[in-house]
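The values are calculated or read from the model by the stated rules, or taken from the named source; none is laboratory data. Quantities reported herein were computed from a predicted structural model and do not represent experimental measurements. When we count neighbours, we look across all protein chains shown, and the Cβ atoms used for this are built from the backbone with ideal geometry, even at glycine. The area values use the complete protein model at the heavy-atom level, side chains included, leaving out ligands, DNA and RNA. Shrake-Rupley method; radii C 1.70, N 1.55, O 1.52, S 1.80 Å.
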Amino acid sequence: MQRLKAALPAALLMLCSGLPALANAANLTISCGAVGAELQLCKEAVEAWSKQTGHSVEVVSTPNSATERLSFYQQILSAQSADIDIIQIDVVWPGMLANHLLDLHEVLPANATQGYFQAQLDNATVDGRLVSMPWFTDSGLLYYRKDLLEKHGKPVPQTWDELTTTARSIQQAEREAGNANLWGYVFQGRAYEGLTCNALEWIGSQPGGGLIDAQGNIQVDSPATRTALTLAKSWVGDISPRGVLNYTEEEGRGVFQSSNALFMRNWPYAWALVQSPESAIKGQVGIAPLPKGGENGSHASTLGGWGLSVSRYSAEPKLAGELVAYLTSAQQQKRRALVGAYNPVIESLYEDPELLAAMPYYSQLRTILDAGVMRPAAITADRYPRVSNALFDRVHGVLSGEAPVDQAVTELGSDLKRIKRRNW
Ligand code: GLC
C-alpha cells in the first residue's frame with residue numbers, strides 16, 4: 001500500500017486540501033471498518049478532526065468479513081509496516097495481536113479511560129498493557145417483522161423450535177399469497193467469524209451447551225451441540241435460502257431490508273439501517289433476544305465489539321493516540337450511537353436522555369448485553385483464530401450438507417484437543 005505521505009510532498013498536500021499550514025503537520029493512516037455505515041461515520045469524524053488540527057489522515061477501507069480483515073491486518077503488522085497507524089480491532093483480537101500494538105497508556109491522557117465499562121477495558125488489556133481503546137459493543141439480536149407476525153397472529157418466538165415453526169408457516173402462507181421471495185430466517189452462514197458467533201448462540205442457548213469453558217475445558221462434543229446443529233442444518237433450503245451459506249452480516253441485511261425475510265440475526269448496527277428512510281420496512285421492525293434452546297435453555301447472545309489500536313510500527317504514535325482519543329470520546333460515541341446504532345462503551349451514555357429517547361430499545365439492550373456470551377479468545381489467545389476456524393469450518397460443513405452432524409461434532413472435539421495440546 002502506498003502512503004499518501006510518501007506520494008505527495010506535505011506542502012502540496014496542504015495546498016490541495018486547504019488545511020492550515022502547520023509547520024509540523026503530519027499524515028496518519030487509519031483503517032476503521034466496513035460494515036454498514038461504519039466507514040462513512042469514521043470518515044466524517046476523521047475529517048472533523050483533520051479540520052480542527054490541520055493534520056491530514058488517509059482512511060483505508062477493508063473487507064466486510066472480520067476473518068478477512070484479520071488476515072489483512074496480520075500481513076501488515078507482521079511485516080512491521082508503518083503503512084497503517086491506527087487499526088480497528090475486534091474484541092477477540094487483543095490477545096493475538098498485542099505484541100504488534102502500542103500500550104495506549106503511553107500516549108493517551110491519564111483520564112482517557114474514565115467511565116468506560118471495566119469489562120471492556122479488561123478485555124483490551126494484555127499483560128497490563130492497554131492495546132486497544134474500546135469503541136463500541138455488539139451483541140447478537142433477533143430482528144423480526146412486526147407487521148408479518150401481527151398479520152399471521154404469531155408471537156415473537158421464545159425458542160429456536162418456535163422460530164422454526166413460525167418461520168415455516170408464515171413463509172408458506174406469504175408465498176401462497178404471492179409474496180414469492182419471502183424467506184423465514186436469514187443469518188451469517190459463510191465460513192468466517194460471523195458463523196462462529198451464530199453457532200455459539202445456537203450451542204450456548206441449549207441446556208448444558210458450550211464450546212470451551214472459562215477454565216479452558218473443551219465442552220463442544222455434547223448432545224447440546226448435536227441438537228443445536230441438527231436444527232440449524234434443517235433451516236438451510238427450508239426457511240433460509242441456500243445462499244445463506246455465503247452470507248456475512250450485510251448480505252442478510254440486504255435480504256431483510258428489502259422486505260424478503262421474516263427474521264434476521266444481526267448486530268445492533270442493522271437497526272439504524274433497517275429503520276432508515278431508504279428502507280423498505282421502516283417502522284415494521286422489532287428486536288428481541290435470540291431464542292432459547294428449548295424451555296430449559298437460555299437466551300444466548302454472542303458479545304462482539306471493536307476498539308481502536310495504534311500500531312507499534314507507527315511513525316506518529318503520539319498523534320495517532322490523539323486521533324484515537326478523539327474518535328473514542330463520549331461525544332463521538334454518542335454521535336455514532338444516534339446515527340449508526342453503534343453502542344457506546346461509556347456507562348453514563350446509557351442514561352443519556354437524548355440517546356434514550358432516540359433508542360427506545362436501550363433498556364432491553366442492556367439486559368441482552370448483560371446475558372452475553374464471550375468467545376473463548378482470552379483463554380486461547382493466539383490460538384483463537386484456529387479455534388474459531390475449526391468451529392466455523394465444521395459447522396459450515398454441516399449446514400452445506402457435506403458432513404453429518406454427529407461426525408462433524410466428534411471431529412470438532414478432536415480438532416480442538418489437537419489445537420489445545422496439553423494446555424492453552
Ligand atoms: C461484529 C462483532 C465482532 C465479530 C464480527 C463477526 O462485527 O462486533 O466482534 O467478530 O461481527 O462477523
**OP:** Go through ASN266, ASN296 for me and flag whichever is surrounded by fewer than 22 Cβ atoms within 10 Å (Cβ to Cβ) and either of a type in the set (S, T, N, Q) or within 16 Å of the ligand (Cβ to nearest atom) (or both).
**Re:** ASN296
**OP:** Would you point out which residue out of VAL398, VAL387, VAL405 is closer than 18 Å to ASN246 by Cβ and touching a residue at least 24 places away in the same chain (Cβ under 8 Å)?
**Re:** VAL398
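What helices (runs of 4 or more DSSP H), lying completely within the range 336-424, carry at least 2 residues that are more than 18 Å from VAL91 (Cα to Cα) and open to solvent by less than 60 Å² (accessible area, probe 1.4 Å)? So that I can check it myself, show each step before the final result.
On the way: elements: 353-358, 362-370, 377-380, 384-399, 405-420.
Qualifying helices (runs of 4 or more DSSP H): 353-358, 362-370, 384-399, 405-420.
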Original post:
Tally time: how many residues in the range 44-89 are under 23 Å from ALA191 (Cβ atoms) and open to solvent by less than 10 Å² (accessible area, probe 1.4 Å)?
Top reply: 5
Original post:
Is it the case that SER309 is within 16 Å of the ligand (Cβ to nearest atom) and not assigned by TED's automatic domain parsing to the domain that holds GLN188?
Top reply: yes
Subject >> Matching residues, the range 138-163, being crowded, with 21+ Cβ neighbours inside 10 Å and hydroxyl-bearing (Ser, Thr, Tyr) >> reply: SER139, TYR143, TYR144
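Only one of these is assigned to a loop (DSSP other than H, G, I, E, B), modelled with pLDDT under 95 and outside the structural domain of GLN40 (by TED's automatic domain parsing): GLU278, GLU295. Name it. Even if it seems obvious, please write down each step before you answer.
On the way: GLU295 fails: modelled with pLDDT under 95.
That would be GLU278, the only listed residue that is assigned to a loop (DSSP other than H, G, I, E, B), modelled with pLDDT under 95 and outside the structural domain of GLN40 (by TED's automatic domain parsing).
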Original post:
Across the range 122-143, what is the total count of residues that are more than 14 Å from the ligand (Cβ to nearest atom) and within 17 Å of the chain's Cα centre (by Cα)?
Top reply: 3
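Which one of ALA119, ALA173, ALA110, ALA167 is more than 16 Å from the ligand (Cβ to nearest atom), free of Cβ contacts under 8 Å to residues at least 40 places away in the same chain, assigned to a helix (DSSP H, G or I) and of a type in the set (A, V, I, L, M)?
Details: ALA119 fails: more than 16 Å from the ligand (Cβ to nearest atom); ALA110 fails: assigned to a helix (DSSP H, G or I); ALA167 fails: free of Cβ contacts under 8 Å to residues at least 40 places away in the same chain.
Result: ALA173 is the single residue among ALA119, ALA173, ALA110, ALA167 that is more than 16 Å from the ligand (Cβ to nearest atom), free of Cβ contacts under 8 Å to residues at least 40 places away in the same chain, assigned to a helix (DSSP H, G or I) and of a type in the set (A, V, I, L, M).
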